[in-house]
Amino acid sequence: MTISGNAKVCGVIGNPVGHSLSPMMQNYFAEKLNLDFAYIPCNVPDEQVGEAIRGIYALGFQGLNVTVPHKQRVMPHLLEIDEAARCIGAVNTLVRMEGGYKGYNTDAEGLYRALKRQGIQVAGQDCLLIGAGGAAKAVAYMLMKHQAKSIAILNRSPEKARLLADQMNRQFGRNTIKAMALSDYQNLEAPSYLAIQTTSVGMHPHPGHAAIEDPTFYKKIHTAIDIIYTPSRTRFMELVKEAGGQAFNGLDMLIYQGIIAFELWNPNVSITDETVDEIRVMMKKRLEGKS
Ligand code: NAP
């Protein structure tokens, strides 16, 4: 596809960004929709994030994705921050406004759309959130927003689970979340859970591990998402499947957070399920080093 002199330009900032699949994904969406749009990776040193944002505004960029480690660092440099992003405490998408950028977090809703695509319901479910780091905040927000019946957070550092539970319970004005230490999994009360695994345990280059190795724990899980997508089948997913549950990786969460960003930059467009299926295959090949 030809990019004209009037093309809408977006990009991703991170440090590093060389591994990012977003340029491949966003440029593919534009190609499928025949949009005059270009998306480029920009490696930004930690201390130059503010300068970078002012620079891309001056250059006329429509927006940006923001990846590790800049998701908090961008926040003081924005004109406005969407309520969900403020509650989650991280911004992964910037959208151009008059005078600056507005920050959004599309991770939470990206995961929700990924679940919906698999026919997995959140409302009324007993949920288990493993981990209490940055990604877990977006997941906790999504589970609260979409009316999970109960949420147990299990984390290696129980005080971090408690902080997250207190913050979300306060924010939503109900006591849905209970914090627990990872080692207390035997005390889980509900008979069966929808589980979201958000720790970095088992991620490339250290596959083959799960935060909880005890196979009896996995009998309590009917459906699970590991938000890790490298490797495509994690030890956590294997343990869930061996215990009889269904398990998915985090690639669709990554794809749908990108779709929501693309829709914010290009209002009135929508990405079809067919395009999602195509980009999933392309991204999987790239992750496996085959393209
Ligand atoms: P983070 O803020 O560093 O949090 C890491 C979490 O893992 C914490 O809960 C930490 O527990 C736990 N953990 C680390 N090592 C552990 C161990 N040995 N045993 C038990 N728990 C351990 O990281 P993050 O930004 O949340 O990212 C977490 C994962 O999510 C990464 O693999 C990332 O690639 C993935 N992710 C995927 C998507 C997607 O779109 N699919 C989006 C965002 C992130 P403590 O609190 O005790 O340290």
Filter the range 151-179 for residues that are among the small types (Gly, Ala, Ser) and more than 21 Å from the chain's Cα centre (by Cα); the one that is nearest to residue 129 (Cα to Cα) is 179
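For the range 52-59, check the following and say yes or no: at least one residue is of a type outside the set (Asp, Glu) and part of a strand (DSSP E or B). Walk me through it before giving the result.
Going through the range 52-59, the residues of a type outside the set (Asp, Glu) turn out to be 52-59.
From what's left, part of a strand (DSSP E or B): none.
Among the residues of the range 52-59, not one is of a type outside the set (Asp, Glu) and part of a strand (DSSP E or B), which makes the answer no.
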Regarding residue 226, is this residue buried (at least 18 other Cβ atoms within 10 Å of the Cβ), within 14 Å of the ligand (Cβ to nearest atom), modelled with pLDDT of 95 or more and over 23 Å from residue 191 (Cα atoms)? no
TODO: Return a yes/no flag: does the range 189-198 have any residue that is more than 13 Å from the ligand (Cβ to nearest atom) and at positive phi.
DONE: no
Margin query: Taking the criterion of being under 29 Å from residue 84 (Cα atoms) and among the aromatic types (Phe, Trp, Tyr), would at least one residue in the range 187-200 satisfy it?
Written below: yes
Here the qualifying pairs (Cβ atoms under 8 Å; residues six or more apart or on different chains; first in the range 59-71 and closer than 18 Å to residue 86 by Cα and touching a residue at least 12 places away in the same chain (Cβ under 8 Å); second more than 16 Å from the ligand (Cβ to nearest atom) and in a loop (DSSP other than H, G, I, E, B)) come out as 70/44
Flagged pairs (Cβ under 9 angstrom, 6 or more apart or on separate chains; first in the range 33-51, β-branched (Val, Ile, Thr); second assigned to a strand (DSSP E or B)) are 40/9; 40/10; 40/11; 40/12; 44/13; 44/14; 49/13; 49/66
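Within the group 290, 284, 241, which residue is assigned to a helix (DSSP H, G or I), at negative phi and without any contact (Cβ under 8 Å) to a residue 12 or more places away in the chain? Full working, then the answer.
Working: 290 fails: assigned to a helix (DSSP H, G or I); 284 fails: without any contact (Cβ under 8 Å) to a residue 12 or more places away in the chain.
One residue alone meets the criteria, 241.
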Practice item. Could you tell me whether residue 86 is part of a helix (DSSP H, G or I), under 18 Å from the mean Cα position of the chain (by Cα), more than 15 Å from the ligand (Cβ to nearest atom) and under 22 Å from residue 64 (Cα atoms)? Key: yes
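Take residue 91 and decide whether it is assigned to a loop (DSSP other than H, G, I, E, B), within 17 Å of the chain's Cα centre (by Cα) and away from the ligand (no atom under 16 Å from the Cβ). Walk me through it before giving the result.
Details: assigned to a loop (DSSP other than H, G, I, E, B): yes; within 17 Å of the chain's Cα centre (by Cα): yes; away from the ligand (no atom under 16 Å from the Cβ): no.
In short, no.
Does residue 236 qualify as being within 24 Å of residue 113 (Cα to Cα), within 13 Å of the ligand (Cβ to nearest atom) and at pLDDT 95 or above?
Numbers: within 24 Å of residue 113 (Cα to Cα): yes; within 13 Å of the ligand (Cβ to nearest atom): yes; at pLDDT 95 or above: yes.
Here the answer is yes, as residue 236 does meet what is asked.
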The residue that is modelled with the lowest pLDDT, considering only those in the range 1-33 that are within 20 Å of residue 57 (Cβ to Cβ), part of a loop (DSSP other than H, G, I, E, B) and of a type in the set (S, T, N, Q), is 6
The number of residues in the range 203-223 that are more than 8 Å from the ligand (Cβ to nearest atom), not in a helix (DSSP H, G or I) and not polar (S, T, N, Q) is 11
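What are the residues in the range 35-51 that are within 23 Å of the chain's Cα centre (by Cα) and not aromatic (Phe, Trp, Tyr), if any?
Filtering the range 35-51 for residues within 23 Å of the chain's Cα centre (by Cα) gives 38-46, 49.
If the condition is that a residue be within 23 Å of the chain's Cα centre (by Cα) and not aromatic (Phe, Trp, Tyr), then 38, 40, 41, 42, 43, 44, 45, 46, 49 are the ones that fit.
State yes or no: is residue 247 within 16 Å of the ligand (Cβ to nearest atom) and either more than 15 Å from residue 110 (Cβ to Cβ) or of a type in the set (Gly, Ala, Ser) (or both)? First the steps, then the outcome.
Details: within 16 Å of the ligand (Cβ to nearest atom): yes; either more than 15 Å from residue 110 (Cβ to Cβ) or of a type in the set (Gly, Ala, Ser) (or both): yes.
So residue 247 passes the test.
If we only count helices (runs of 4 or more DSSP H) wholly inside the range 107-182, which ones have 2 or more residues that are crowded, with 24+ Cβ neighbours inside 10 Å, charged (D, E, K, R) and within 13 Å of the ligand (Cβ to nearest atom)? Lay out the reasoning, then the answer.
Details: elements: 107-117, 134-145, 158-172.
So the answer is none; nothing clears 2.
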Here the qualifying pairs (Cβ atoms under 9 Å; residues six or more apart or on different chains; first in the range 164-178 and farther than 15 Å from residue 145 by Cβ; second part of a strand (DSSP E or B) and among the hydroxyl-bearing types (Ser, Thr, Tyr)) come out as 178/150
Filtering the range 75-99 for residues that are in contact (Cβ under 8 Å) with a residue 60 or more places away in the chain and buried (at least 23 other Cβ atoms within 10 Å of the Cβ) leaves a count of 2
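The values are calculated or read from the model by the stated rules, or taken from the named source; none is laboratory data. Keep in mind that what you see is a predicted model, and the values were worked out from it rather than measured. Don't worry about glycine lacking a Cβ; one is built from the backbone with ideal geometry, like all the others, and counts go over all protein chains shown.
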